[in-house]
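The structure appears right after this line, and notes come after that.
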Amino acid sequence: EALGGETYMIGESVMYKEMSDGFSREMMVVTLLTIVVIFIVVALTFQSMIVPVSLLLIVMSAVYVCVFVGGLGGQSMNYLAYLVTQSILMGATIDYAILFTDYYREKRVGLPIDKSLRKAYKSTIHSIMTSGLILIFCPYIMSILLTDPTISPILRSISVGALSSILLIIFVLPGLLAAFD
């Protein structure tokens with residue numbers, strides 16, 4: 001104002017302020033849009049309403065576990081980290097849940113629930129663990145090696161989110177599938 005005329009504020013703190021001001025509304029829109037799109041795709045694929053609800057419940061729980069664990073560790077998660085983490089987890093780890101569910105439903109045609117679950121585990125655990133461990137360890141190792149204060153928390157949150165997603169898919173999804181069968 002002392003200079004007279006229009007002024008602009010620039011820099012990281014201003015950028016974070018602008019992002020945090022719109023965070024709640026934008027995150028709600030992005031989350032709902034992601035959930036709706038994934039729900040529609042999975043519902044059309046499986047021709048079921050229960051399957052997409054179960055899969056979305058598992059993966060969204062992993063995202064929230066990731067945020068919770070970060071908070072327990074005293075880390076704050078900025079808008080960008082949360083958005084990237086949610087996008088990657090929703091896009092990548094739901095595939096593991098779809099794979100397991102598809103095998104389970106395929107085996108369920110001729111077998112009881114417990115045998116179908118065992119066969120689904122046997123058929124999918126190698127793929128889920130191979131891909132899942134890569135998604136857990138690579139970002140985690142990079143988060144240790146990189147010192148950038150923006151990128152490191154994103155990588156760490158992806159790693160924690162992938163771990164929670166894999167654990168939920170392996171230990172909780174089978175129970176959901178059996179319960180809703």
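Rolling a 1.4 Å probe over the heavy atoms of the protein chains gives region 87-155 an accessible area of 58 Å² per residue. At full extension, ILE141 and PHE39 could sit 33.5 nm farther apart than now, given 0.36 nm per residue minus the alpha carbon distance. Extension gain for the segment PHE171 to ARG105, taken as residue separation times 0.36 nm less the Cα-Cα distance, is 22.0 nm to one decimal.
Packing here is the average count of other Cβ atoms within 10 Å per residue, and on that basis the peptides 164-177, 145-158, 39-52, highest first, run 164-177, 145-158, 39-52. Using C-alpha pairs under 8 Å with a sequence gap of at least 6, the mean separation divided by the residue count of region 51-181 gives a relative contact order of 39 percent. Relative to the Cα centre, the charge distribution of region 28-181, modelled as +1 at Lys and Arg Cβ and -1 at Asp and Glu Cβ, gives a dipole magnitude of about 380 debye. Computed extension length for ILE134-MET27: 35.8 nm, one decimal, from 0.36 nm per residue of separation with the Cα-Cα distance subtracted.
The values are calculated or read from the model by the stated rules, or taken from the named source; none is laboratory data. Predicted model only: the values in this text are computed from it and were never measured. All Cβ positions, glycine included, derive from the backbone under ideal geometry; neighbour counts span all protein chains shown. Heavy atoms of the whole protein, side chains included, go into the accessibility calculation; ligands, DNA and RNA do not. Shrake-Rupley method; radii C 1.70, N 1.55, O 1.52, S 1.80 Å.
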